[in-house]
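A.B. asks: One structure, pasted below without further comment.
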There are 2 protein chains.
Amino acid sequence: MQTTHILVIGGSASGIVAAKTAKAFHPNKDVLLVRREPEALTPCGIPYIFGTLEGSEQDLISNAAVTANGVRMLIGEVVELDPEQRFCRLASGEEIGFEKLVLALGSTPKLPKAIAGCGLGNVFTISKDKVFLDEMCNRLAEISRVAIVGGGFIGVEVADELHKAGKQVTLLERLPHILELAFDIELTVKAEELLAQRGVSVRTSTRVEALIGEGRVSGVKLHGGETLETEAVIVAVGYQPTTGLAEKAGLELNRLGFIKVNEYMMTENRNIFAVGDCAEKKSFVTREPINVMLASTACAEARIAALNLYRLSAVKTFGGTIAIYSTALGDVAFGVAGERESYARERGFDIVTGTFAGVDKHPAQMPGVQPQLVKLIVARESGVIIGGQVMGGASTGELTNLIGFIIQNRMTINSILTAQIGTHPLLTAPPTAYPLIKAAEAIALASRSGD
Amino acid sequence: MQTTHILVIGGSASGIVAAKTAKAFHPNKDVLLVRREPEALTPCGIPYIFGTLEGSEQDLISNAAVTANGVRMLIGEVVELDPEQRFCRLASGEEIGFEKLVLALGSTPKLPKAIAGCGLGNVFTISKDKVFLDEMCNRLAEISRVAIVGGGFIGVEVADELHKAGKQVTLLERLPHILELAFDIELTVKAEELLAQRGVSVRTSTRVEALIGEGRVSGVKLHGGETLETEAVIVAVGYQPTTGLAEKAGLELNRLGFIKVNEYMMTENRNIFAVGDCAEKKSFVTREPINVMLASTACAEARIAALNLYRLSAVKTFGGTIAIYSTALGDVAFGVAGERESYARERGFDIVTGTFAGVDKHPAQMPGVQPQLVKLIVARESGVIIGGQVMGGASTGELTNLIGFIIQNRMTINSILTAQIGTHPLLTAPPTAYPLIKAAEAIALASRSGD
């Protein structure tokens, strides 16, 4: 039986970061990453292999980068884990002993049981497997009409990309708006309009009953009786954590099916950690288990696990998930951090919101200037900011990250009102009307006592 | 004598923000803004009227925007202030009584006494006065060769803009590098190379001894004897606070010549506040008086003064200046927040720095991807981040603001290592190699104890 000090199972974003960070901070330990797939893709880049990029080759994470600082890598499938004896067994029969184990098992696309016909040809999900995706790209190259089931981030991005690639795309969303689980209504409406303007046929409040066809899919049967003709269907209705190995080994799962971990990303077995899509997430704000799966969150968890493998550090812990994400449709980007207004109200928070619509460069006559909207969501009693949303140009991603840091630091409206920012004509909103601060001002004004 | 409740003297960025915020939070008070100039310009937009914009008209802050929420405005010059009797006198002889006064007197360009010939024709400074700037634009329209004295932000931006407008531009900097008082050497070198590549002749370590010419400037005499022929000279060697009115009224100035204020932006007279370029600044980190003048800082100070006019609030104070600024040369932007490495060392801080060079989109094959470099400066003992610098694309301004918030929250390297960010292929660096976090990791690795 070969042995290693630190074994990482899974080699997408979080597995790679766990292994590389572990090796960097524990240079004398042997670190072995075991991965089923010979090659790994940048997960958030996958929608872009259908249009902007020339294919999956341009989205590869090179194996050389993974092993650059001394991490060893082995391609193989782990089929069994013994947490007490600390070894695992590969499909090949080979056994690997370890001191510490990081499970970075990832997630797999959900297939809705309620929809018949998902087994037909030319029905795809967006998996993270290069072989599968390459085959999918080949098949899509031959056809011109695609229906996408599910208007979340992945559905929306793939729809826009396939449209860019010249396809006739219909996006089908069960809820009244696309991206409705990500943004508050006012932003979803704008994203929806934009996507439609760009040429995607967007159909919301539309329930898919079945996929039909003989051998290959040829139509989507909608609730109400209408049938939409199509040559391919992409089902993008979310992902489920991959936990078979952990479950079989007796590790506890939470009620949403994720591997339970504490704030050191440690399972109940102190030698086993779990990170990324397979690991339990709790909301930073509501403290409830949630099923957000983001590569960026996964990487943060991976770093924390790697830093706590041999010595727990009370200052290197994961305080709960602040879901932070952004996307773009052409030049217009959307970002969100923390809780949405609708979700916070549903969960019983007493909140105040403030929104300001300005511009992302200044003066407004600058070439390339774009509208920039910031919305903040604040707990009324404390003034603590629990969420924010942004619509704007190329700076939207980092402005959303700034709101993420605001939430992480539990900053209040007063601290935003008095905050210092830097501004520049070509790069930001004006200092006199910086939307983040003006949104905070709107909340302060709404809450102020009279003179 | 007419009276008002809240009088604001000065109507550039900080005066406008002070007046508008005061009116918003004290709707029952009369707010009067007195300004000498009939029209005000967005200060940071001024360099761009020489190239990117079509002239100063496109950089106007409309008077309608100033008075939109009920602020009154009066064009006139205040020549005398009686702090005890609480009134001031205009050049016209008119007197205005007030309850509370905000001085937003601004700054004026410095003219170096050591350089002879600054009084010649076609020698300009970059003032904030529209009439002066329009005249300057007219004169520059007729000539093709311009020399700029001073390679700070204004000098660099104006040089790049005049070059865009088709001029032959020479930038003269006394120090070994341009922007040397803003960035650490490694970034100044890149900015310098870039500016030269773009076609500006950059001459560093070059001291100007005199401007020469008959009536109009025709040459710049350099230390060492060389004379540079030119048709116009722009002197951009900094600004000095405008404090004559305050000084005459007996308000105390600090040793750098700024009006002394406390953290409520209040002068020693509890009815008089000062904000913006005329008001004292202390570094958030070093606690020493500094002479940074930024519209964004000015606006933060203005908000704080306005919020504290009638009732001091212990949670709405100004904790010291975190100089945050950014600029761009074409598609490449530079940003800085807080202390530089060189300055921190000079001031006796025991620091560690970490730098990471990555990309601003991902995968690196994305169209429009640009290098992104982040440098962090950390106090060794505490791990507290005291400064950061960024070089990158369009997201540089907001990423620099994020570093500003990190400094403001006194976040440590550990809190960055465990921080959550959001990433997106079109908008940010990859989650596995987000330069801000990788720079923190480099510092943690440099400081770690062995296993």
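The values are calculated or read from the model by the stated rules, or taken from the named source; none is laboratory data. Just so it is clear, the model here is predicted, and its values are computed rather than measured. FYI the Cβ positions are ideal-geometry reconstructions off the backbone, even for glycines, and counts take in every protein chain you see.
A.B. asks: Just give me the residues in segment A:5-33 being more than 11 Å from chain B (Cβ to nearest Cβ), surrounded by fewer than 24 Cβ atoms within 10 Å (Cβ to Cβ) and of a type outside the set (D, E, K, R), in sequence order.
C.D. replies: A:LEU32
A.B. asks: On to the next question. Filter segment A:367-378 down to the residues that are surrounded by 20 or more Cβ atoms within 10 Å (Cβ to Cβ) and either within 17 Å of A:HIS424 (Cα to Cα) or more than 25 Å from the chain's Cα centre (by Cα) (or both) and list them by number.
C.D. replies: Within segment A:367-378, A:GLN372 is the sole residue that qualifies.
A.B. asks: Between residues in segment B:11-24 that are within 15 Å of B:LEU103 (Cβ to Cβ) and residues that are modelled with pLDDT of 95 or more and aromatic (Phe, Trp, Tyr), which pairs lie under 9 Å by C-beta distance while being six or more apart or on different chains?
C.D. replies: Every condition considered, the pairs that remain are B:ALA18/B:PHE273.
A.B. asks: Next question. Can you confirm whether segment B:144-161 contains a residue that is over 20 Å from the mean Cα position of the chain (by Cα) and at positive phi?
C.D. replies: Within segment B:144-161 (the criterion being over 20 Å from the mean Cα position of the chain (by Cα) and at positive phi), the answer is no, since none of the residues qualifies.
A.B. asks: Strands (runs of 3 or more DSSP E) wholly in segment B:217-299 with at least 2 residues that are crowded, with 22+ Cβ neighbours inside 10 Å and over 18 Å from the mean Cα position of the chain (by Cα) - which ones?
C.D. replies: Once the strands (runs of 3 or more DSSP E) in segment B:217-299 are filtered for at least 2 residues that are crowded, with 22+ Cβ neighbours inside 10 Å and over 18 Å from the mean Cα position of the chain (by Cα), what remains is B:232-235, B:272-274.
A.B. asks: Condition first: among the acidic types (Asp, Glu) and under 22 Å from B:VAL156 (Cα atoms). Can you find one or more residues in segment B:118-130 that meet it?
C.D. replies: The answer is yes; a qualifying residue exists.
A.B. asks: Take A:PHE132 and decide whether it is without any contact (Cβ under 8 Å) to a residue 24 or more places away in the chain and either in the same structural domain as A:PHE50 (by TED's automatic domain parsing) or closer than 30 Å to A:ILE290 by Cα (or both).
C.D. replies: Against the criterion (without any contact (Cβ under 8 Å) to a residue 24 or more places away in the chain and either in the same structural domain as A:PHE50 (by TED's automatic domain parsing) or closer than 30 Å to A:ILE290 by Cα (or both)), A:PHE132 qualifies.
A.B. asks: When you go through B:LEU436, B:LEU445, B:LEU427 one by one, which is the residue that is touching a strand residue (DSSP E or B) at 6+ places or on another chain (Cβ under 6 Å) and either closer than 23 Å to A:THR317 by Cα or among the polar types (S, T, N, Q) (or both)?
C.D. replies: Matching residue, one of B:LEU436, B:LEU445, B:LEU427: B:LEU436.
A.B. asks: For the condition touching a residue at least 40 places away in the same chain (Cβ under 8 Å) and under 19 Å from B:VAL146 (Cβ atoms), what is the one hit in B:LEU245, B:LEU222?
C.D. replies: That would be B:LEU222, the only listed residue that is touching a residue at least 40 places away in the same chain (Cβ under 8 Å) and under 19 Å from B:VAL146 (Cβ atoms).
A.B. asks: Taking segment B:89-113 as the search range and keeping residues that are without any contact (Cβ under 8 Å) to a residue 60 or more places away in the chain and not basic (Lys, Arg), which one is surrounded by the most Cβ atoms within 10 Å (Cβ to Cβ)?
C.D. replies: The extreme case among them is B:LEU90.
A.B. asks: Can you name every residue in segment B:70-88 that is of a type outside the set (Asp, Glu), exposed (fewer than 14 other Cβ atoms within 10 Å of the Cβ) and farther than 16 Å from B:LEU33 by Cα?
C.D. replies: Selection gives B:GLN85 alone.
A.B. asks: B:THR286 fails exactly one of the following numbered conditions: (1) more than 14 Å from chain A (Cβ to nearest Cβ); (2) within 23 Å of B:GLN85 (Cβ to Cβ). What is the number of that condition?
C.D. replies: Condition (2) is where B:THR286 drops out.
A.B. asks: Filter segment A:434-451 down to residues that are at the interface with another protein chain (Cβ under 9 Å from one of its Cβ atoms) and closer than 28 Å to B:LYS361 by Cβ, then give me how many there are.
C.D. replies: The total comes to 3.
A.B. asks: Then there is this: Do the conditions hold for B:SER205, that is, is it surrounded by 15 or more Cβ atoms within 10 Å (Cβ to Cβ), out of contact with any helix residue (DSSP H, G or I) (no Cβ under 8 Å at 6 or more places or on another chain) and of a type in the set (S, T, N, Q)?
C.D. replies: No.
A.B. asks: Just name the residue that is nearest to the chain's Cα centre (by Cα) out of those in segment B:303-323 that are among the aliphatic types (A, V, I, L, M) and closer than 15 Å to B:LYS282 by Cβ.
C.D. replies: The extreme case among them is B:ALA323.
A.B. asks: Which residue is farthest from the other protein chains (Cβ to nearest Cβ), if the candidates are limited to segment A:382-422 and must be within 20 Å of the chain's Cα centre (by Cα) and polar (S, T, N, Q)?
C.D. replies: Going through the qualifying residues, I end up with A:GLN389.
A.B. asks: On to the next question. Cβ-Cβ under 6 Å, sequence separation 6+ or interchain: first residue in segment B:43-63 and buried (at least 17 other Cβ atoms within 10 Å of the Cβ), partner assigned to a helix (DSSP H, G or I) and polar (S, T, N, Q). Which pairs?
C.D. replies: B:ILE49/B:SER56
A.B. asks: Also, quick follow-up: Exactly one of (1) touching a helix residue (DSSP H, G or I) at 6+ places or on another chain (Cβ under 8 Å); (2) within 14 Å of another protein chain (Cβ to nearest Cβ); (3) β-branched (Val, Ile, Thr); (4) surrounded by fewer than 24 Cβ atoms within 10 Å (Cβ to Cβ) is unmet by A:THR355. Its number?
C.D. replies: Unmet for A:THR355, out of (1) touching a helix residue (DSSP H, G or I) at 6+ places or on another chain (Cβ under 8 Å); (2) within 14 Å of another protein chain (Cβ to nearest Cβ); (3) β-branched (Val, Ile, Thr); (4) surrounded by fewer than 24 Cβ atoms within 10 Å (Cβ to Cβ): (2).
A.B. asks: To continue, here is another question. Failed condition for A:ILE324, given (1) more than 21 Å from A:VAL156 (Cβ to Cβ); (2) aliphatic (A, V, I, L, M); (3) out of contact with any Asp or Glu (no Cβ under 8 Å at 6 or more places or on another chain), with all others met?
C.D. replies: (1)
A.B. asks: Among the residues of segment B:356-369, are any at pLDDT 95 or above and basic (Lys, Arg)?
C.D. replies: Yes: segment B:356-369 contains one or more residues that are at pLDDT 95 or above and basic (Lys, Arg).
A.B. asks: What is the residue count in segment B:297-322 for residues that are among the small types (Gly, Ala, Ser) and either in contact with a Lys or Arg (Cβ under 6 Å, 6 or more places away or on another chain) or modelled with pLDDT of 95 or more (or both)?
C.D. replies: So the answer is 6.
A.B. asks: Just need a number here: residues in segment B:119-163 that are in contact with a Pro (Cβ under 7 Å, 6 or more places away or on another chain) and either acidic (Asp, Glu) or farther than 23 Å from A:LEU426 by Cα (or both).
C.D. replies: Count: 2.
A.B. asks: For segment A:420-450, which positions are touching a residue at least 12 places away in the same chain (Cβ under 8 Å), over 17 Å from B:ALA24 (Cα atoms) and in contact with a Lys or Arg (Cβ under 9 Å, 6 or more places away or on another chain)?
C.D. replies: Of everything in segment A:420-450, those that are touching a residue at least 12 places away in the same chain (Cβ under 8 Å), over 17 Å from B:ALA24 (Cα atoms) and in contact with a Lys or Arg (Cβ under 9 Å, 6 or more places away or on another chain) turn out to be A:PRO425, A:LEU426, A:LEU427, A:THR428, A:ALA429, A:PRO430.
A.B. asks: Of the residues in segment B:258-280, how many are touching a Pro at 6+ places or on another chain (Cβ under 7 Å) and within 14 Å of chain A (Cβ to nearest Cβ)?
C.D. replies: 1
A.B. asks: Of the residues that sit in segment A:327-339 and are surrounded by fewer than 24 Cβ atoms within 10 Å (Cβ to Cβ) and more than 7 Å from chain B (Cβ to nearest Cβ), which one is nearest to A:VAL158 (Cα to Cα)?
C.D. replies: Of everything passing the filter in segment A:327-339, A:LEU329 is nearest to A:VAL158 (Cα to Cα).
A.B. asks: Now, a different point. Does any residue of segment B:139-154 turn out to be basic (Lys, Arg), in a helix (DSSP H, G or I), at pLDDT 95 or above and over 22 Å from B:THR227 (Cβ atoms)?
C.D. replies: Within segment B:139-154, not a single residue is basic (Lys, Arg), in a helix (DSSP H, G or I), at pLDDT 95 or above and over 22 Å from B:THR227 (Cβ atoms).
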